[in-house]
Amino acid sequence: MKQGIIFDLDGVLLSTDEMHYAAWKSVADELGVPFDRQVNNLLRGVSRMASLDIILSHGGLTLSDEEKEAVAARKNERYRAGLQTLTPDAVAPQVRQTLAALKERGLKLAVGSSSRNTKLILEKTDLGRFFDAVSDGTNITRSKPDPEVFLKAAQFIGLAPDDCAVVEDAVAGIDAAKAGGFLSIGIGDAAGYAKTDHPIRSLRDLLDLF
Ligand code: B16
Ligand code: MG
């Protein structure tokens, strides 16, 4: 029986996909590189800089490190402007009910997200109070599929990877969970992935597993 659950944020607890898409699309248009929802899907769970590298390589454009920093900063400014409009309504009621029920059952809950904007998202949606710890893009040096973000999350809640499950929507996140020695639970895209230990259709299904 697992004692802790680590949740990916984007794509699991809520989706800011459209805000990422709009922000990347506007900078891609300025750079004159093609960008569509298919490319946007490849960016799930991937860090900001790695996302930019994927966009540039799709568009066949090379930029200096300095130029890349400037483009990533511009994207983030626009994305954060979108995040300012987030309210608790962005989170489905069943997500809040599931988190509350899991806490009631005595499980330790943590967030494990690549996003450097995690704390802003948790604050805007009022989700922060469900979690015993937050591990995100601000406390790691290696992005998913490296397990660092989840290993830190487990450490923050005082549990070994073997005692925790990770809930993810991205293939890179499932790879990270397995590399770290966690039980992997996949939702959305990750539900059909070969390395996923337990596919779920809705977060509520966690109540049958724990
Ligand atoms: P930021 P997750 C990820 O969040 C997003 O899925 C991914 O699309 C984004 O590029 C990444 O965070 C970095 O986000 O630019 O806010 O630092 O799925 O790991 O919660
Ligand atoms: Mg995700």
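All of the numbers you see were taken from the coordinates with simple rules; none came from a lab. Keep in mind that this is a model prediction, so the values were computed, not measured. Every residue, glycine among them, receives a Cβ derived from its backbone with ideal geometry; neighbour counts consider all protein chains shown.
Between the helical axis of 93-104 and the longest alpha-carbon principal axis of the chain there is an angle of about 40 degrees. Under 5 Å between amide hydrogens, built in the peptide plane, is the criterion, and for Val134 it picks out Val111 among residues at least 5 positions away or on other chains. In sequence order, region 71-88 has phi-based couplings of 5, 5, 5, 5, 4, 5, 4, 6, 5, 5, 4, x, 4, 4, 8, 5, 9, x Hz under the Karplus curve 6.51 cos²θ - 1.76 cosθ + 1.60, θ = phi - 60°, and Gly or Pro positions carry x.
Counting only alpha carbon atoms, the long axis of helix 48-59 and the longest principal axis of the chain meet at about 50°. Name the residue, out of Leu122, Leu56, Leu183, whose mean-square fluctuation peaks in a Gaussian network model built on the chain with Cα pairs under 10 Å. Result for the chain, Cα springs under 10 Å: Leu56 fluctuates most. When you restrict to C-alpha pairs under 8 Å that are six or more residues apart and normalise by the size of region 65-188, the relative contact order lands at 19 percent.
Could you give the angle, 0 to 90 degrees to the nearest 10, between helix 171-180's Cα long axis and the longest principal axis of the Cα atoms of the chain? Taking the Cα atoms of the chain, the angle to 171-180 is about 50 degrees. When both region 77-136 and region 1-73 are represented by their alpha-carbon centers, they are found 20 Å apart.
For Leu42 and Thr141, the difference between the fully extended length at 0.36 nm per residue and the C-alpha to C-alpha distance is 33.6 nm.
Just checking the listed ones, Ala133, Ala70, Ala110: in the Gaussian network model of the chain with Cα springs under 10 Å, the one fluctuating most is Ala70.
Under 14 Å from the Cβ of Val39, count the other residues' Cβ atoms, weight Lys and Arg +1, Asp and Glu -1, and hand me the total. Charge balance in the 14 Å sphere: 0.
A DSSP coil position with no more than 10 other Cβ atoms inside 10 Å describes the following trypsin sites (Lys or Arg not before Pro) in region 96-160: Arg105.
From its DSSP helices (H runs of at least four residues, each -39,500 (n - 2.57)), the chain gives a residue-normalised ellipticity at 222 nm of -13500 deg cm²/dmol. Distance check, please: which entries in Lys2/Lys75; Lys75/Lys108; Lys108/Lys144; Lys108/Lys178; Lys124/Lys195; Lys68/Lys195 exceed 31 angstrom between their Cα atoms? As for pairs spanning more than 31 Å Cα to Cα, those are Lys2/Lys75; Lys75/Lys108; Lys124/Lys195; Lys68/Lys195.
With an 8 Å cut-off on Cα pairs and a minimum separation of 6 or more residues, tell me the relative contact order of the chain in percent.
In percent, rounded to a whole number, it is 25.
Cα extents for the chain along the principal axes, largest to smallest and rounded to whole angstrom: 51, 34, 29. The tail of the calculated P(r) for region 17-83, taken as Cα-Cα distances beyond 13 Å, holds 59 percent of the pairs.
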